[in-house]
Amino acid sequence: MRHLMSPLDFSVDELDKLLDLANDIEKNPAKYAHACEGKKLATCFYEPSTRTRLSFEAAMLNLGGSVLGFSSADSSSAAKGESVSDTIRIISCYADICAMRHPKEGAPLVASQKSLIPVINAGDGGHQHPTQTLTDLLTIRSLKGQLGNLTIGLCGDLKFGRTVHSLINALIRYPGIRFVLISPEELRIPSYIREEVLTANGIPFTEVERLEDAMPKLDILYMTRVQKERFFNEEDYVRLKNYYILTKSKMELAKKDMLVLHPLPRVNEISVEVDDDPRAAYFRQAQYGVYVRMALILTLLGIEVN
Ligand code: CP
């Protein structure tokens with residue numbers, strides 16, 4: 001039995017196969033429409049979500065399976081003090097696979113150690129969001145045709161943004177990746193990623209504060225929201241929340257084929273006027289999230305469709 005806690009749980013070859021499967025699902029949805037008949041996905045979400053929970057549910061329904069679960073800690077027995085270890089033992093009696101989001105770093109890992117079914121980390125605190133990373137990789141590979149030899153700008157809350165942490169870990173395995181880390185001083189990438197992931201692996205990166213300075217060099221601009229829920233005080237959040245706003249005029253500084261990605265939800269960091277720019281790929285990215293989660297469910301359940 002296999003779980004997914006981090007994008008690094010899959011080798012590069014395994015990831016390639018998973019992304020190939022997702023692309024095949026995109027092209028031939030009918031072929032997969034009954035692949036999970038009789039199977040159940042539990043979505044155990046202790047933190048709010050729109051895309052991750054609903055795209056997991058859509059993925060399982062598209063595969064002919066069923067879904068059950070809860071969408072907040074308050075509506076589960078966590079509110080009465082039940083541990084994730086006990087909850088997953090119970091969910092193992094009801095479902096075949098579980099996607100879990102939790103505000104505490106490591107909670108899905110703890111659950112996986114007691115689980116009788118595959119557990120997928122659907123986001124744990126400020127730590128990792130591996131299925132967002134699979135979504136991002138599928139989007140980049142599908143729209144750019146490659147995952148290597150790219151200059152990637154990561155902009156916004158690089159301190160608390162778990163999607164950024166997972167994406168850096170995944171992308172450094174491809175040749176010719178360079179990062180431009182764009183953030184205010186207070187929201188810089190954590191030092192363990194700068195030193196133990198980037199520097200230790202000899203990955204070229206620069207850190208800048210002005211988005212305008214980075215724009216002309218980028219193949220991908222990955223915008224992120226300032227993570228209000230991880231701030232200790234409201235005053236700091238209010239001061240930093242509008243630090244970056246991507247506008248039409250800033251887009252004029254970018255390459256003609258640069259892609260704008262965002263894990264969403266956005267707050268103010270991308271002006272709605274950018275949505276009509278053909279380089280704005282964030283809504284297509286959300287669609288790729290369904291295909292890649294379908295591929296992941298099939299892979300973890302060991303179901304092959306010929
Ligand atoms: N990208 C993402 O994780 O969105 P949700 O929080 O809506 O699931």
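The values are calculated or read from the model by the stated rules, or taken from the named source; none is laboratory data. Quick caveat, the model's predicted, so the values are computed rather than measured. So basically every Cβ, Gly included, is an ideal-geometry build from the backbone, and we count neighbours across all protein chains shown. Side chains included, ligands, DNA and RNA excluded: accessible areas come from the protein's heavy atoms. Shrake-Rupley method; radii C 1.70, N 1.55, O 1.52, S 1.80 Å.
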Helix 162-171: angle to the longest alpha-carbon principal axis of the chain, degrees 0 to 90, nearest 10?
80 degrees
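To the nearest 20 debye, what is the magnitude of the charge dipole of the chain about its Cα centre, counting +1 on the Cβ of each Lys and Arg and -1 on the Cβ of each Asp and Glu?
Working: 36 positive and 39 negative charges, 68 e Å.
For the chain, the charge dipole is close to 320 debye.
Regarding the chain, what's the average projected area of the Cα-atom convex hull, expressed in nm²?
Taking the Cα atoms of the chain, their convex hull projects to 15.5 nm² on average.
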So how far apart, in nm, are the two label points at Ser72 and Arg230 if each is 7 Å from Cα heading toward Cβ?
2.3 nm
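Share of segment 48-160's accessible area from carbon and sulfur, percent, 1.4 Å?
Here carbon and sulfur together make up 50 percent of the probe-accessible area.
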Give me the number: length gained by fully extending Glu195 to Val208, i.e. 0.36 nm times residue separation minus the C-alpha to C-alpha distance, one decimal in nm.
3.0 nm
I need the calculated FRET efficiency for the pair Thr247 and Arg89, taking r as the beta carbon distance and R₀ as 41 Å, to the nearest 0.05.
0.25
Under a straight-distance cross-link criterion of Cα-Cα below 26 Å, which lysines are reachable from Lys104, leaving out those fewer than 8 residues away in the same chain?
Lys40, Lys80, Lys114, Lys159, Lys228, Lys241
Just going by the charge dipole of the chain, with Lys and Arg at +1 and Asp and Glu at -1 on Cβ, which of Ala79, Gly38, Leu218 is farthest out on the positive end?
Gly38
Mind checking the per residue accessible area of segment 37-119 for me, 1.4 Å probe, whole number of Å²?
46 Å²
Nearest-0.05 FRET efficiency for Val238 and Asn28, computed from C-beta distance (R0 45 Å):
0.40
Counting other Cβ atoms within 10 Å, keep those with at most 10, restrict to DSSP loop, and tell me which GluC sites (Glu not before Pro) in segment 223-287 are left.
Glu252
Please identify the longest segment of the chain free of exposed trypsin sites (Lys or Arg not before Pro), where exposed means a DSSP state other than H, G, I, E or B and no more than 10 other Cβ atoms within 10 Å.
1-209
How large is the accessible surface per residue of segment 168-306, computed with a 1.4 Å probe and reported in Å² as a whole number?
48 Å²
Reachable lysines from Lys248, Cα under 23 Å, same-chain residues fewer than 8 places away excluded?
Lys144, Lys217, Lys256
At 25 °C in a medium of viscosity 0.890 mPa s, segment 130-285 has a Stokes-Einstein diffusion coefficient, with Rh taken as the Kirkwood radius over alpha carbon pairs, in µm² per second, of 158 µm²/s
